[in-house]
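None of the figures in this text is laboratory data; all of them are computed from the coordinates on show. If you're wondering where the values come from, they're calculated on a predicted model, not measured in any experiment. FYI the Cβ positions are ideal-geometry reconstructions off the backbone, even for glycines, and counts take in every protein chain you see.
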């Protein structure tokens with residue numbers, strides 16, 4: 001049986017130290033497992049992760065239009081359109097014409113949608129608890145500081161708009 005670690009023999013990682021490669025592999029494994037658990041828990045509620053994110057943004061921004069919702073979700077407007085159609089069919093959202101621009105539709109949660117937000121909060125809390133069980137406050141604080149450093153590094157290079165190789 002093959003090791004589940006990312007096979008690095010085909011990649012030119014000579015310039016990276018083995019510890020960095022191990023961290024990246026573990027990070028991707030954690031992200032993959034988190035995504036799988038998220039999908040599993042959400043699917044039990046008949047709402048899938050993209051739909052949950054969409055509901056969350058509508059809850060936080062009542063009356064949001066499809067264009068702004070797509071920007072918040074970092075997806076194309078046609079993708080949001082499909083999600084919204086499904087959520088509307090499920091009775092979780094209502095689309096209403098914007099009184100200031102009748103060509104634009106605003107999104108609102110229904111009563112059923114509000115209930116689903118409560119379910120999403122419970123599901124999200126469960127996923128977070130599962131993810132961090134057994135970690136002390138000190139370990140969580142250290143992990144948070146490390147993630148901040150990584151985030152700052154990535155942001156700095158994104159803002160420069162160039163590959164710093």
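Yes or no, residue by residue, for (1) within 21 Å of residue 35 (Cα to Cα); (2) touching a helix residue (DSSP H, G or I) at 6+ places or on another chain (Cβ under 8 Å); (3) part of a helix (DSSP H, G or I):
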| residue | (1), (2), (3) |
| --- | --- |
| 52 | yes, yes, yes |
| 55 | yes, yes, yes |
| 68 | no, no, yes |
| 83 | yes, yes, yes |
| 88 | no, no, yes |
| 96 | no, no, no |
| 102 | no, no, no |
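Mind checking whether some residue in the stretch 152-163 is loosely packed, with under 15 Cβ neighbours inside 10 Å and in contact with a helix residue (DSSP H, G or I) (Cβ under 9 Å, 6 or more places away or on another chain)?
Yes; the residues of the stretch 152-163 include at least one that is loosely packed, with under 15 Cβ neighbours inside 10 Å and in contact with a helix residue (DSSP H, G or I) (Cβ under 9 Å, 6 or more places away or on another chain).
Would you check which residues across the stretch 104-116 are assigned to a strand (DSSP E or B) and under 15 Å from residue 56 (Cβ atoms) and list them?
Passing the criteria: 107, 108, 109.
So, in the stretch 131-143, how many residues would count as being assigned to a helix (DSSP H, G or I) and exposed (fewer than 10 other Cβ atoms within 10 Å of the Cβ)?
Residues in the stretch 131-143 being assigned to a helix (DSSP H, G or I) and exposed (fewer than 10 other Cβ atoms within 10 Å of the Cβ): 2 in total.
Read through the list (1) within 25 Å of residue 31 (Cα to Cα); (2) in contact with a helix residue (DSSP H, G or I) (Cβ under 6 Å, 6 or more places away or on another chain), then give the number of the only condition that residue 132 fails.
All conditions pass for residue 132, except number (2).
Can you name the number of the only condition in (1) touching a residue at least 24 places away in the same chain (Cβ under 8 Å); (2) within 30 Å of residue 45 (Cα to Cα) that residue 118 fails?
Unmet for residue 118, out of (1) touching a residue at least 24 places away in the same chain (Cβ under 8 Å); (2) within 30 Å of residue 45 (Cα to Cα): (1).
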